[in-house]
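*Asks:* What follows is a structure written as structure tokens; I'll ask about it next.
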Amino acid sequence: MSAQPISRRAKPTYRLDHVAVGSLNVDLRYQRHLSDSHVRNLIAEWNILRVGPIVVSQREDGSLWVIEGQHRKAAGNIAMGPQWQIPAMIWSGLTGEEEADGWLANIRRKGTTGPQEHVAYVTAGKDQVALAIQDSLTERGLAVGSGTSTTIKGVRTLRTIVERYGVETLEKSIDTLDEAFGRSTDTWNSNAMMGMAIFTKKFPEARHDRVIRTMRKLGVDHSDRDKPVSATEFANTALAHLAGGGGTGSRGPRVAVYLAQKYNEGLRTMSRLDV
């Protein structure tokens, strides 16, 4: 039997051209959400000479998808109309993952939020930390984002926990916070998550039920007893009692230490955590 020829994918190519802004699509799997204020500013200062070429992917079905330049696309559509031809570098032969990679390369120059970057990493499919985080959150009915009880905004905190302590520690920390405080926007406080991760890694011998009770006691807002206990109040209580610098990197250890100190209260020496 003769050997079968190895199928090799053609390398992506590009051309410089003009395309109608009304024909362009935006893939929200990896693109950030459109900023209305940014579009308004572009329109107010509209100058064709300053637009510059956008970066576009032409997919197999001929459709055109913006990799970089969605705000200029939106502003041009309003300022000039959907038929206006914007200069573009048009790529052919890219996969969806490569489009996301291209977008990531552009936003690294400009800066972006953690959730936006995370979604692009997951879409690109190459960042193992992002994929592990995504799997862990999905299994728990959670997602990266903000503003709801099931979305976590502190993506960089999640990444730090996985990189330093492993995905198992992240999962235990999320589950413990969930059990102690229930699901709310306050539960996923970055200082509480980092402190919980450090505590979980350093004190695996701690009794789970006692940890939960201790956290709930620390999560009471003494200025408003009617408020439910929360992870934010738990973290703030710890930080108020232990002095230190700013930033989650320095606050997390303080939260962990204070939790361990309060855990130890009332215990015999042999049962105490070695703080």
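*Asks:* Hey, can you tell me all the residues within the stretch 241-275 that are over 20 Å from Trp188 (Cβ atoms), among the small types (Gly, Ala, Ser) and at pLDDT below 90?
*Replies:* Ala243, Gly244, Gly245 - these are the residues of the stretch 241-275 that are over 20 Å from Trp188 (Cβ atoms), among the small types (Gly, Ala, Ser) and at pLDDT below 90.
So that you can scan it fast, the table gives a plain yes or no per residue for (1) touching a Ser or Thr at 6+ places or on another chain (Cβ under 8 Å); (2) closer than 30 Å to Ala130 by Cα; (3) of a type outside the set (Gly, Ala, Ser); (4) modelled with pLDDT under 85:
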| position | (1), (2), (3), (4) |
| --- | --- |
| Ser63 | no, yes, no, no |
| His71 | yes, yes, yes, no |
| Gln83 | no, no, yes, no |
| Glu99 | yes, yes, yes, yes |
| Gly111 | no, yes, no, yes |
| Glu117 | no, yes, yes, yes |
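*Asks:* Here's something else I'd like to know. I'd like to verify a number: residues in the stretch 157-168 that are free of Cβ contacts under 8 Å to residues at least 60 places away in the same chain and either closer than 16 Å to Leu142 by Cα or surrounded by fewer than 20 Cβ atoms within 10 Å (Cβ to Cβ) (or both), how many?
*Replies:* Of the residues in the stretch 157-168, 8 are free of Cβ contacts under 8 Å to residues at least 60 places away in the same chain and either closer than 16 Å to Leu142 by Cα or surrounded by fewer than 20 Cβ atoms within 10 Å (Cβ to Cβ) (or both).
*Asks:* Shifting gears a bit: Leu104 versus (1) in contact with a Lys or Arg (Cβ under 7 Å, 6 or more places away or on another chain); (2) at pLDDT below 80; (3) assigned to a helix (DSSP H, G or I): which is the lone unmet condition?
*Replies:* Against the list (1) in contact with a Lys or Arg (Cβ under 7 Å, 6 or more places away or on another chain); (2) at pLDDT below 80; (3) assigned to a helix (DSSP H, G or I), Leu104 comes up short only on (1).
*Asks:* Okay, moving on. Restricting attention to the stretch 41-55, does a residue exist that is closer than 16 Å to Thr123 by Cβ and in contact with a helix residue (DSSP H, G or I) (Cβ under 6 Å, 6 or more places away or on another chain)?
*Replies:* no
*Asks:* Which condition from (1) surrounded by 14 or more Cβ atoms within 10 Å (Cβ to Cβ); (2) β-branched (Val, Ile, Thr); (3) at pLDDT below 90 is the one that Val21 breaks?
*Replies:* It is condition (3) that Val21 fails.
*Asks:* Still on this model: Would you check if Ser223 is touching a Pro at 6+ places or on another chain (Cβ under 8 Å), on the phi < 0 side of the Ramachandran plot, among the polar types (S, T, N, Q) and assigned to a loop (DSSP other than H, G, I, E, B)?
*Replies:* Considered against the rule, which asks whether it is touching a Pro at 6+ places or on another chain (Cβ under 8 Å), on the phi < 0 side of the Ramachandran plot, among the polar types (S, T, N, Q) and assigned to a loop (DSSP other than H, G, I, E, B), Ser223 comes out as no.
*Asks:* Let me ask something else. Which condition breaks for Ile90 when tested against (1) touching a residue at least 60 places away in the same chain (Cβ under 8 Å); (2) within 16 Å of Gln31 (Cα to Cα); (3) part of a strand (DSSP E or B)?
*Replies:* For Ile90, the exception is condition (2).
The values are calculated or read from the model by the stated rules, or taken from the named source; none is laboratory data. All values derive from a computational prediction rather than experimental measurement. In this analysis, Cβ positions are derived from the backbone assuming ideal geometry, glycine residues included, and neighbour counts consider all displayed protein chains.
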